[in-house]
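A.B. asks: Quick one: the structure is below, and I'll ask about it shortly.
The values are calculated or read from the model by the stated rules, or taken from the named source; none is laboratory data. Computed from a predicted model, the values in this text were never measured in an experiment. Cβ placement follows ideal geometry from the backbone for every residue including glycine, while neighbour counts extend to all protein chains displayed.
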Amino acid sequence: MRFIKRRLLVLASALSLAALLPASAETATDADIINKLKGLGLTASEVSDTPIANIKEVITDKGVFYVTSDNRYFFQGRLFDMNNKFENLTENTQSELRANGIDAFKDSMISFPAKNEQYQVTVFTDPTCGYCRKLHNEMDEYNALGISVNYLAFPRGGINSASYRDIKSVWCADDQKLAMDAAKSTGDVKNASCSAPIKAHFDLGRSFGITGTPAIIFADGTMVPGYKSPKDLLKALKKTDKP
């Protein structure tokens, strides 16, 4: 609850700024906003209106942000519609981005399919992560519950790290699943090199706001940070079922 209150306080402060913008304040073009954000190290791909006057939503390589229409104030937070069951408008945008982004990388995943598949999840993983190993060691249980697990790479140490080299070797192995098993059990990874898109996986994860592993993404784009047991994950997935 305190987390939500902090988010609402940030948002309320930003909305107050927007409300104080004079009616004659010049409205920046999308290109102006995109160029200004480059100075902050953000690559923006889309600028769109929000339901709030003078507030623009910006999709970047580091997630979703908001900018006042005069291109002066910039902030991050969650936007809720309190007249519509407290709908999280920011999460709606992020979920769509996650679902679409993951679909673009489906051909470069390492997959552990369930025989009687009911659900699919995509997990950003790192073999050096303890909870990633725990999740992988319970793969038979996830699969038995009808949950297929698709892996994308997220080397926690970054692109110039040992974890990056290890996870790239898994993706470049002749038998990727066997290499993943070994990396998650003994930590032994046979060095291999290829053009696997590990950096692209990592950049995708960062655009989703991922900072640690495992990070679990549902088919609808919902993100669950951290480990969930097979039974708990199944419960969470069932909640996403449409009536």
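A.B. asks: Just need a number here: residues in the range 78-94 that are within 28 Å of residue 200 (Cβ to Cβ) and surrounded by 18 or more Cβ atoms within 10 Å (Cβ to Cβ).
C.D. replies: Residues in the range 78-94 being within 28 Å of residue 200 (Cβ to Cβ) and surrounded by 18 or more Cβ atoms within 10 Å (Cβ to Cβ): 3 in total.
A.B. asks: Out of the residues in the range 166-199 meeting the condition of being in contact with a strand residue (DSSP E or B) (Cβ under 9 Å, 6 or more places away or on another chain), in contact (Cβ under 8 Å) with a residue 60 or more places away in the chain and not aromatic (Phe, Trp, Tyr), tell me which one is surrounded by the most Cβ atoms within 10 Å (Cβ to Cβ).
C.D. replies: 170
A.B. asks: Residue by residue through the range 127-136, note down the ones that are at pLDDT 95 or above and touching an Asp or Glu at 6+ places or on another chain (Cβ under 9 Å).
C.D. replies: Listed by number, the residues that qualify are 132, 136.
A.B. asks: Here is a list: 50, 60, 122. Which entry is under 20 Å from residue 221 (Cβ atoms) and assigned by TED's automatic domain parsing to the domain that holds residue 158?
C.D. replies: 122
A.B. asks: Need the failing condition index for residue 35 against (1) assigned to a helix (DSSP H, G or I); (2) at pLDDT below 95; (3) farther than 18 Å from residue 209 by Cα, just the number.
C.D. replies: The number of the failed condition is (2).
A.B. asks: Checking residue 126 against (1) on the phi > 0 side of the Ramachandran plot; (2) under 18 Å from the mean Cα position of the chain (by Cα): exactly one of these is not met. Which one?
C.D. replies: Single failed check for residue 126: (1).
A.B. asks: Counting only residues that are at pLDDT 95 or above, over 16 Å from the mean Cα position of the chain (by Cα) and either more than 22 Å from residue 149 (Cβ to Cβ) or not in a helix (DSSP H, G or I) (or both), how many does the range 82-115 have?
C.D. replies: 6
A.B. asks: Out of 221, 205, 158, which single residue is surrounded by 15 or more Cβ atoms within 10 Å (Cβ to Cβ) and on the phi > 0 side of the Ramachandran plot?
C.D. replies: Selected residue: 221, the only one of 221, 205, 158 that is surrounded by 15 or more Cβ atoms within 10 Å (Cβ to Cβ) and on the phi > 0 side of the Ramachandran plot.
A.B. asks: Got a sec? Which of 92, 116 is over 30 Å from residue 52 (Cβ atoms) and without any contact (Cβ under 8 Å) to a residue 40 or more places away in the chain?
C.D. replies: Unique residue meeting the criteria: 116.
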